[in-house]
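Written out below as structure tokens is the structure these notes cover.
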Amino acid sequence: MPAAARATLLSRMPAPRHLVSIDDLSLAEMEAIFETAKRYSEDTRAWADVARGSIAATLFYEPSTRTRLSFESAMLRLGGGVITAADMSRSSASKGESLADTIRVVSGYADAIILRHQSEGAARLAAEYADIPVINAGDGSHEHPTQTLCDLYSLWIERGRIEGLDVVFAGDLRYSRTIHSFAYALARFRANIVCVPQPGFELPAYVVQRLREEFGVEPVRAEAGRLGELASKSDVLYLTPQKPHQLSLFTDPKGLSVDHVDAVYMTRPQTERFKQEAQLDETQYLQLGQRQMAAESLRDAVVMHPLPRREEINADMDGDPRSIYFKQAARGVPIRMAILASLLGETDCLKGEPVAQSPAWDAQREGLVCPNENCISHTEARHVSSKYRLASRLPLRATCAYCSQAIPFGAVGCSTSRLYHLPDSRDLRKIRPDHLVFFRDAAHAEATGYQAAANVGSAG
Amino acid sequence: MPAAARATLLSRMPAPRHLVSIDDLSLAEMEAIFETAKRYSEDTRAWADVARGSIAATLFYEPSTRTRLSFESAMLRLGGGVITAADMSRSSASKGESLADTIRVVSGYADAIILRHQSEGAARLAAEYADIPVINAGDGSHEHPTQTLCDLYSLWIERGRIEGLDVVFAGDLRYSRTIHSFAYALARFRANIVCVPQPGFELPAYVVQRLREEFGVEPVRAEAGRLGELASKSDVLYLTPQKPHQLSLFTDPKGLSVDHVDAVYMTRPQTERFKQEAQLDETQYLQLGQRQMAAESLRDAVVMHPLPRREEINADMDGDPRSIYFKQAARGVPIRMAILASLLGETDCLKGEPVAQSPAWDAQREGLVCPNENCISHTEARHVSSKYRLASRLPLRATCAYCSQAIPFGAVGCSTSRLYHLPDSRDLRKIRPDHLVFFRDAAHAEATGYQAAANVGSAG
Amino acid sequence: MPAAARATLLSRMPAPRHLVSIDDLSLAEMEAIFETAKRYSEDTRAWADVARGSIAATLFYEPSTRTRLSFESAMLRLGGGVITAADMSRSSASKGESLADTIRVVSGYADAIILRHQSEGAARLAAEYADIPVINAGDGSHEHPTQTLCDLYSLWIERGRIEGLDVVFAGDLRYSRTIHSFAYALARFRANIVCVPQPGFELPAYVVQRLREEFGVEPVRAEAGRLGELASKSDVLYLTPQKPHQLSLFTDPKGLSVDHVDAVYMTRPQTERFKQEAQLDETQYLQLGQRQMAAESLRDAVVMHPLPRREEINADMDGDPRSIYFKQAARGVPIRMAILASLLGETDCLKGEPVAQSPAWDAQREGLVCPNENCISHTEARHVSSKYRLASRLPLRATCAYCSQAIPFGAVGCSTSRLYHLPDSRDLRKIRPDHLVFFRDAAHAEATGYQAAANVGSAG
């Protein structure tokens, strides 16, 4: 949106804070939110003046009753009002309205927008167009930051801290958005992760790579013995934010022993994906029950789950005091109260400087655009152009500024010199980020009119 | 749910009251609710502090706009807030979540749950898992207690009392859940019922049986003369809670004459069921209009209907001062205000001892389970097992503890002696209820390893 | 509805005001509403006591998220509560309930009804049956008066007045309900309209006719020169409420020159209708962008649009300070606040005498009924009979009292003399309006038993 438009549209100053990604929050801000949520939870009825007179709009392009009700409960507990579009896909969207337009219209009806959308990056786009706070309530398989905050808060409440905790991730670690977001957040808080995947559904390499490159997390082979039945079918991986030299304390040929677990985070098998892959027999699903939880190392581990669950946690766990999954869901209300109050400016949690986002540049010129077909930059092409951010300079890695997916390239050009380089070239560090142009390969670069840089000659 | 689970989940004490069945309320409690509703109705805007800060969640697994709006209006009139899932079947349920889990999650979002569900017994199950009050807003074709309360309240307002009133039930008395529930409630209040059925759609035998056995109601043939056109096509039946010896006053060869009717309760023909039965011509439907209401005995009878109506009440009745069906609907708001306020603990209506429910026992062991395919005990088999209650000891009758349907059996065993009896055996009275095991027949009992008791020998 | 029914149903007095048509409001009332809306808009949070304790029911028989959320936001800003049926067509309507019944039921749940319905005339019918205010939020392709008020208000805010303004209507002027309603309203305020239609989608003759007959508007050929690119494809028409003799000042062979435009109102092409007509290539659509807005006469014209827009306004206009379409949408909230507050009796805007509606008479006797298949008088035939109003006596024109469509006739009878006349007969003026009977033609009149009046003889 041109600056003039923004100036015209923005009547309230200063520009609002949004919650699009968990990365929008500093650790200190998250802890301030936890403290506020805890205060709210002590008597949820005592805060009905906090947002009195404010209105939140819940715009759900796909239905998600649980998330929506949790937000609406939070807003009502704060004394605010709610206007609801529980299934937008059946309504204006069908008249062909763009998300950018809908957001600008609803900005005139409410004081905050809670957005659920099937396209990755939708909430980032919405935040660009709204002059009121936007909260991401799930954008495709990208982010769901209030779920992550709720998970962190639950750990923080149960254990009194997050740093240094040992958290088991069990089940489908491959397709679960919740798990990936939680992993990054735990890494930021310097907690350790013990991966106990459903065989074939290990944590993806790109997640491990990001944990390593951005958060200094080291993966170590772990010894499954003390995890008992829980890990009997899995290769266990230990992910720790410790620096490598500290790890030498642990390493022995059998792997690191996991002696005491603080929490087991179980996930729902994404069976709709399983079926695309392999006919996995339902009986092979990892299940958590009293038998699996009998291991000595799990004696006081809390059991978490983002819900809804199906068969992956036995009903025999429901009565176990270690099971906190229903409490975890209930804690979504005070957490969302704290988020809403903070974004509406009714607490001091977010009154410092916002977390600096790395800048984003136009990625559309001659080169590649976001490869994710479900990215909002494609479905809303009328209002936004593909943008990228640099995730790292060496090796050079760029991600879509909306959906965070890596932009794959086999050659990189400089838009001023019109020369291209191969991805591993050290010369790339000298090019200004906004001059980078990404190509599929050298042929693509040459077809676009770029010439090989000196050190590419031999590869041509 | 094991005791440990309950202890973990319940944070608020004492255990909440629910409104699952009209049987959960004593007559005194109902009258207290009527008095409260009447006070509320005098100025519906004056009660906005009663539930301020409280939230009701309306969870509707099938849409029912009228019922939902009535509850939501009631909650707002009390100053409370509402979170709404108007069509749950399109949402989380599709992710395979059990009702028991949904209820436990939503318990963390609200202060009361208003549940509409397509399965019989759903509200009973919900009440077992919720630590906040559950109100049954219709569970399949089982119960809809707030509708019944609204009907009773409307009579009470119009006539000043319920005891001894003569109420005509007209139309489809066979399939109408509303009629059956209202009949039991009128019997408890010792009112009389005059049945004027659509031919072929008489009150079912099991309803008459229950009226007789549980409420001491006697059916008497009635003389249709004074009902005029209304009863011209029907055999009229008079159901009265009087003891038999009092009835001797009435009985003459022509049947009891109905001289004065207090109310005519008309029902919607359940045409979706009619079609399964017989091609009933629409012109044969019983219709209520000025002509039918011209009979002398109906001169000041109020006309009631649960709505929606179709053709069964002529528009020519809409302007008649006897027609109170729209008022009846409007009275749903103060009644639901009174119910919500009472369950939330904001009135004294329900502060006495709850009505004692007869205990429920496991019905699953070797024997029969609930025969109703639409019972929640089948669809939620992961969380609940089939349970029964004893409806009577002689003759022995057991009903499903969720959906209230009779459990049919041809033989009954004792789980300790491993002997079985025939249903009419007087020895059955000696067996502890929790030791009863129900079998299809003697062969079934023997196949399960039970032996015939001494007095069955000859039947073997 | 018979008088007795009304007396029975109406408990609150006096009869409420409704907003069914923009014609229900006098110019002075509209201006009072604008003043109130302006006061509200200065601080939307300052009015939370205006409607505290009141409830609005939004009944939407077809989804329209934008309109619904705007109304709900308005009600919440006034401190009121909202009960919502966002998609009634999926619910009670499917049980076959009439709108008249639904309205009477919901009247018992709320203090105002906001109705969206797919049938023309639905809101008029609802107003007949409700004893609380009904607001028309769109009835088929008939009226959407709060949209019109919002448009007028936006002009009034931007220009300080409406009278004498020059407003360009651009795009699809044929099928847009919004345009037609806005045209009538501008005519009442004595503003001028410059029509720049998509070729083939000119303002319909019946709209021009009504503007002329009811509002004294004269159409003049206009000269497109100063409208530049905007009008390059169109024949431009100038509609002015001036008396004809004043227009002689303008007329020259080239037509009236449009020197300065106050507002351009752009409409969405109703492509669903286009397709029925002709395969109009999307590239032929009139589009508004910087290029079209470069004409000198448009230098300070505000750009309006009822939204949602698709391609008809280029994204390059979004940042232009002349573009006020998002502001226009936002202004729907204070306007609807003012309307709600006025109808609920919380302001003085509507406390004078209501605008007198011309009376309506039964049109069903032997003659013609409303020709509009989508008129509520057909779909609710059980509760309403076709009624007409006289739009003019010479020439005789009658319109449906619900949907406002002209009743076409080729002969007109008198129900007392049983004689019929041809439509242009001056004798028709002598017949009492409630005695008029409309026939297709003379043959139809004769077949119904009417005889030709003296002056028709020759036509027989």
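Run down A:THR58, A:THR102 and say which single residue is within 11 Å of chain C (Cβ to nearest Cβ), free of Cβ contacts under 8 Å to residues at least 60 places away in the same chain and within 27 Å of A:ALA401 (Cα to Cα).
Numbers: A:THR58 fails: free of Cβ contacts under 8 Å to residues at least 60 places away in the same chain.
The unique qualifying residue is A:THR102.
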Practice problem: Report, by residue number, each residue of segment C:371-414 that is at pLDDT 90 or above and either of a type in the set (Val, Ile, Thr) or in the same structural domain as C:GLY121 (by TED's automatic domain parsing) (or both). | Solution: C:ILE376, C:THR399, C:ILE407, C:VAL412
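Any idea which residue in segment A:303-320 is nearest to the other protein chains (Cβ to nearest Cβ), counting only those that are more than 21 Å from A:ARG177 (Cα to Cα) and in contact with a strand residue (DSSP E or B) (Cβ under 9 Å, 6 or more places away or on another chain)? Step through it out loud before you land on a result.
Step one: of segment A:303-320, the residues more than 21 Å from A:ARG177 (Cα to Cα) are A:314-320.
Right, trim to in contact with a strand residue (DSSP E or B) (Cβ under 9 Å, 6 or more places away or on another chain) and you get A:314, A:317, A:320.
Values: A:ASN314: 9, A:MET317: 9, A:ASP320: 7 Å.
Top of the filtered list is A:ASP320.
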Quiz item: Looking at this structure, is C:GLY79 away from chain B (no Cβ under 14 Å) and on the phi > 0 side of the Ramachandran plot?
Solution: no
Quiz item: When you scan segment C:415-438, how many residues do you find that are in contact with an Asp or Glu (Cβ under 6 Å, 6 or more places away or on another chain) and either assigned by TED's automatic domain parsing to the domain that holds C:ARG124 or among the basic types (Lys, Arg) (or both)?
Solution: 0
Exercise. For residues that are modelled with pLDDT under 95 and among the basic types (Lys, Arg), scanning just segment A:154-189, find the one that is farthest from A:ASP139 (Cα to Cα).
Key: A:ARG174
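Given C:PHE71, C:PHE34, which one is at pLDDT 95 or above and more than 28 Å from B:ALA46 (Cα to Cα)?
On the way: C:PHE71 fails: more than 28 Å from B:ALA46 (Cα to Cα).
Answer to the check: C:PHE34.
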Quiz item: Would segment C:56-73 turn up any residue that is within 26 Å of C:GLU353 (Cα to Cα), among the hydroxyl-bearing types (Ser, Thr, Tyr) and outside the structural domain of C:GLY160 (by TED's automatic domain parsing)?
Solution: no
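Counting only residues that are surrounded by fewer than 20 Cβ atoms within 10 Å (Cβ to Cβ), in contact with a Pro (Cβ under 7 Å, 6 or more places away or on another chain) and of a type in the set (D, E, K, R), give me the strands (runs of 3 or more DSSP E) lying completely in segment C:368-460 with at least 2 of them.
Working: elements: C:387-393, C:396-400, C:411-414, C:419-421, C:436-439.
Answer list for segment C:368-460: none.
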Quiz prompt | Filter result for C:ALA187 (in contact with a helix residue (DSSP H, G or I) (Cβ under 7 Å, 6 or more places away or on another chain) and hydrophobic (A, V, I, L, M, F, W, C)) | solution = yes
Exercise. Give the residue that is farthest from the other protein chains (Cβ to nearest Cβ), with candidates limited to residues of segment B:119-129 that are in contact with a strand residue (DSSP E or B) (Cβ under 6 Å, 6 or more places away or on another chain) and not in a helix (DSSP H, G or I).
Key: B:GLU120
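Among the listed residues A:ASP151, A:ASP87, A:ASP166, identify the single one that is in contact (Cβ under 8 Å) with a residue 24 or more places away in the chain, out of contact with any Ser or Thr (no Cβ under 8 Å at 6 or more places or on another chain), charged (D, E, K, R) and more than 11 Å from every other protein chain (Cβ to nearest Cβ). Break it down stepwise before answering.
Details: A:ASP151 fails: out of contact with any Ser or Thr (no Cβ under 8 Å at 6 or more places or on another chain); A:ASP87 fails: more than 11 Å from every other protein chain (Cβ to nearest Cβ).
Testing whether each residue is in contact (Cβ under 8 Å) with a residue 24 or more places away in the chain, out of contact with any Ser or Thr (no Cβ under 8 Å at 6 or more places or on another chain), charged (D, E, K, R) and more than 11 Å from every other protein chain (Cβ to nearest Cβ) leaves just A:ASP166.
Criterion first (small (Gly, Ala, Ser), within 19 Å of the chain's Cα centre (by Cα) and assigned by TED's automatic domain parsing to the domain that holds B:ALA170) does B:ALA231 satisfy it? Quick ask: steps written out before the conclusion?
Values: small (Gly, Ala, Ser): yes; within 19 Å of the chain's Cα centre (by Cα): no; assigned by TED's automatic domain parsing to the domain that holds B:ALA170: yes.
Answer is no for this residue.
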Exercise. Report yes if B:THR44 is of a type in the set (S, T, N, Q), touching a Lys or Arg at 6+ places or on another chain (Cβ under 9 Å) and more than 9 Å from every other protein chain (Cβ to nearest Cβ), otherwise no.
Key: no
Quiz item: Looking at C:ALA170, C:ALA122, C:ALA112, which one is aliphatic (A, V, I, L, M) and under 16 Å from the mean Cα position of the chain (by Cα)?
Solution: C:ALA122
Quiz prompt | Selection count where residues are among the small types (Gly, Ala, Ser) and free of Cβ contacts under 8 Å to residues at least 12 places away in the same chain, scope segment C:40-55 | solution = 1
Practice problem: For segment B:326-341, indicate whether the set of residues that are part of a loop (DSSP other than H, G, I, E, B) and surrounded by fewer than 22 Cβ atoms within 10 Å (Cβ to Cβ) is non-empty. | Solution: no
Quiz item: Taking the stated definitions as given, is B:SER154 of a type in the set (Ser, Thr, Tyr), assigned by TED's automatic domain parsing to the domain that holds B:ILE22 and in a helix (DSSP H, G or I)?
Solution: no
Quiz item: Out of all the residues in segment B:66-74, is one or more within 14 Å of chain A (Cβ to nearest Cβ) and either farther than 23 Å from B:ALA185 by Cβ or of a type in the set (Lys, Arg) (or both)?
Solution: yes
Quiz item: How many residues does segment A:143-195 contain that are touching a strand residue (DSSP E or B) at 6+ places or on another chain (Cβ under 9 Å), more than 18 Å from A:ALA32 (Cα to Cα) and not small (Gly, Ala, Ser)?
Solution: 18
Quiz item: Would you call C:GLN290 more than 18 Å from C:CYS195 (Cβ to Cβ) and either at pLDDT 85 or above or not aliphatic (A, V, I, L, M) (or both)?
Solution: yes
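The values are calculated or read from the model by the stated rules, or taken from the named source; none is laboratory data. Bear in mind that the values here come from a model prediction, so they are computed numbers and not experimental data. Heads up, the Cβs are rebuilt from the backbone with ideal geometry, glycines too, and the neighbour counts pull from every protein chain shown.
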